[in-house]
Amino acid sequence: MIPVNEPLLDGNEKRYLGECIDTGWISSEGPFVGRFEEGLAAAVGRRFGIAVCNGSAALETAVAALDLQPGDEVIMPTFTIVSCAAAIVRRGCVPVLVDCDPVTWNMAGERIETRITPRTRAIMVVHIYGLPVDMAPVLALAEQYGLKIIEDAAEMHGQTYQGRPCGIFGDLSVFSFYPNKHVTTGEGGMVLTDDPALAERCRSLRNLCFQKKRFVHEELGFNFRMTNLQAALGVAQLERLGEFVVRKRRMGERYSQLLADVQGVELPLARTSYAENIYWVYGVVLADVVPFDAAEAMRRLAELGIGTRPFFWPMHEQPVFRRMGLFNNERYPVAERLARRGFYLPSGMALTESQMVEVAAAVKKVMGGV
Ligand SMILES: Cc1ncc(COP(=O)(O)O)c(C=O)c1O
C-alpha cells in the first residue's frame with residue numbers, strides 16, 4: 001500500500017530527541033519549546049509563538065483568547081475541519097458559514113460581506129490544501145467592520161500570500177504539526193500573534209490559567225502544553241522548511257504532469273495571481289460526468305494499493321451541529337460538491353518518484369473508460 005502520508009524525519013530529529021532524553025527535559029519546561037516558538041514566529045514574521053499540543057487546541061486557545069460573548073458570531077468557511085467550528089461553538093458563539101470558491105476551494109471575500117451582522121465579531125479564515133485565501137478583501141472587511149481575524153494556517157507552512165508569509169495576517173494565527181504537515185512534531189500546534197496581551201493570554205489559557213498564587217484560579221484554562229520532545233522534532237523539522245516547500249511543490253507539479261491527460265479529474269490550480277500552490281495535499285475532484293463519486297474512486301484505488309483521504313465534509317452537513325439546531329436548511333453547493341467528488345492522493349514528504357508514477361497509473365486505470 002502506498003500510504004497517503006509518510007513524514008521525512010532524517011535530519012536532526014534523532015539528535016535533538018536524544019538531547020531531551022540525555023538531559024531529562026521531556027516536559028513542556030524544556031528548552032526546545034521556546035526555541036521552536038521563536039523559530040516559527042521568526043519564519044512567519046510574528047512577535048510571539050505559543051506552542052500547544054495540536055492544531056485544534058491552537059484554535060480553541062485563539063478563540064478563547066478573544067473573549068467573545070455568548071451569541072457573538074464568527075464567520076468561517078463551511079469547507080474545513082470540524083476543529084474550526086468546534087472552537088467557536090464551545091465558547092457559546094455562533095459559526096456563520098460561507099461557501100467556497102470552486103477553483104481554489106477557499107472561502108471567497110464577496111460571500112463574506114453578505115454574512116456580516118451587528119453580532120459579527122470575527123472572521124476565521126482557513127487556507128485550504130495548498131492555496132491561501134485571497135486575503136486582501138478579507139482584511140478590508142475586517143478593517144471596515146472592526147472585526148478580528150483568526151487565521152487558520154494549519155496547512156500553510158512556508159506558503160505566502162502576495163509574497164507575505166501565511167500566518168502573518170491574523171490577530172491570532174494558528175498552525176498544526178500533525179505528521180501530514182510540512183513541519184511535524186507528531187502532534188502539535190502553535191498560536192502566533194504580535195499582540196503582547198493576546199500572547200500572554202494564550203500562554204495562560206494553555207497552562208490551566210495558573211496564577212501567581214499556585215492552584216488558585218480566576219478562570220478556567222486548558223492543559224494544552226507542548227512537550228520538549230515534540231518541540232525537539234519541531235526545531236529539527238523547521239530547519240528544513242525551505243527544502244520541504246521545494247520538495248512538495250515539485251511533487252505537486254509532477255502529479256499534475258502525470259495526470260494531465262486523464263479524463264474526468266479536475267486537478268488543483270498551480271497558481272493564482274497572489275500565490276503559487278504549495279500542495280499541502282494533492283487533491284483531485286471528479287468531474288460531474290464521472291458516473292461514480294469520490295468514495296467509489298477511493299475504494300477502487302485502495303484495491304490497487306493506493307492510500308487516499310476524502311475531502312472535508314462541510315460543517316452545515318455535520319450531524320453534531322444539526323442536532324444543536326445550527327445551519328438549518330442552509331445549503332452551500334460548492335462545498336457539497338467538493339465533499340462528494342474530491343479526495344486526495346498520497347502526498348507525504350517521503351513520497352518517491354516511482355510511487356507517484358504508480359499512483360498516477362492507478363488513477364488512470366480507475367478513470368479508464370470514463
Ligand atoms: C485547516 C486545519 N485546521 C486545523 C487542523 C487541526 O489540526 P490538528 O490535527 O493538529 O488538531 C487541521 C488538521 O489537519 C487543518 O487541516
* **DSSP bridge orientation in the range 1-149 - percent antiparallel, rounded to nearest 5** => 15
* Asked: Per the Kirkwood definition applied to all pairs of different Cα atoms, how many angstroms is the hydrodynamic radius of the chain?
  -> 21.2
* Rounded if a/c is under 1.5, else prolate if a/b is larger than b/c, else oblate: which is the range 172-216, with a ≥ b ≥ c the root eigenvalues of its Cα gyration tensor? -> oblate
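Taking only C-alpha pairs under 8 Å that are 6+ residues apart, what is the relative contact order of the chain in percent?
Working: 774 pairs, mean separation 84.8, N = 370.
The normalised contact order for the chain reaches 23 percent.
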* Restricting the range 281-370 to trypsin sites (Lys or Arg not before Pro) in coil, as DSSP defines it, with at most 16 other Cβ within 10 Å -> Arg331
* Asked: What relative contact order, as a whole-number percentage, does the range 233-370 give when Cα pairs under 8 Å and 6 or more residues apart are counted?
  -> 30
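So what is the calculated 222 nm ellipticity per residue for the chain, using -39500 (n - 2.57) for each DSSP H run with n of 4 or more, over all residues, to the nearest 500 deg cm²/dmol? Provide the component values of the computation, followed by the final result.
On the way: 13 runs with 140 residues, N = 370.
My calculation for the chain gives -11500 deg cm²/dmol from helical runs alone.
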* If we sort 255-261, 234-240 on the protection proxy, mean other Cβ atoms within 10 Å, highest first, what's the order? -> 234-240, 255-261
* Asked: So how far apart, in nm, are the two label points at Ile21 and Asn223 if each is 7 Å from Cα heading toward Cβ?
  -> 2.4
* Structure fact -> Where a ≥ b ≥ c are root eigenvalues of the Cα gyration tensor, a/c under 1.5 meaning rounded, otherwise prolate if a/b exceeds b/c and oblate otherwise, the range 235-370 counts as oblate
* Asked: For the chain, list the DSSP H helices whose alpha carbon atoms reach 24 Å or more along the long axis and whose average Kyte-Doolittle value is -1.0 or above?
  -> 241-258
* Compare Gln230, Gln144, Gln355 in a GNM of the chain, Cα atoms joined below 10 Å, and give the one with the largest fluctuation. => Gln144
* Structure fact -> Highest GNM mean-square fluctuation among Phe36, Phe48, Phe292, for the chain with Cα springs under 10 Å, belongs to Phe292
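Counting other C-beta atoms within 10 Å, and keeping those with at most 11, which DSSP coil GluC sites (Glu not before Pro) do you find in the range 1-62?
Working: sites: Glu13, Glu19, Glu29, Glu37, Glu38, Glu60; in loops: Glu29.
Loop-located and lightly packed - Glu29.
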* To do: Among the lysines, select those whose C-alpha is under 24 Å from the C-alpha of Lys364, and discard any that sit fewer than 8 residues away in the same chain.
  => Lys248
* To do: Write out the chymotrypsin sites (Phe, Trp or Tyr not before Pro) in the range 117-226 meeting two conditions: DSSP loop, and at most 16 other Cβ atoms within 10 Å of their Cβ.
  => Phe210, Phe215, Phe222
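Have a look at the DSSP beta bridges in the chain and tell me what percent are antiparallel, nearest 5. Can you show the working numbers first?
Working: 24 of 41 bridges.
Expressed as a percentage, antiparallel bridges in the chain total about 60.
Any read-out appearing in this document is the output of simple, stated calculations on the displayed coordinates, not a laboratory observation. The shown structure was predicted, so the numbers you read here are calculated from the model rather than taken from an experiment. No Cβ is skipped: glycine too gets one built from the backbone with ideal geometry, and neighbour counts run over all protein chains shown.
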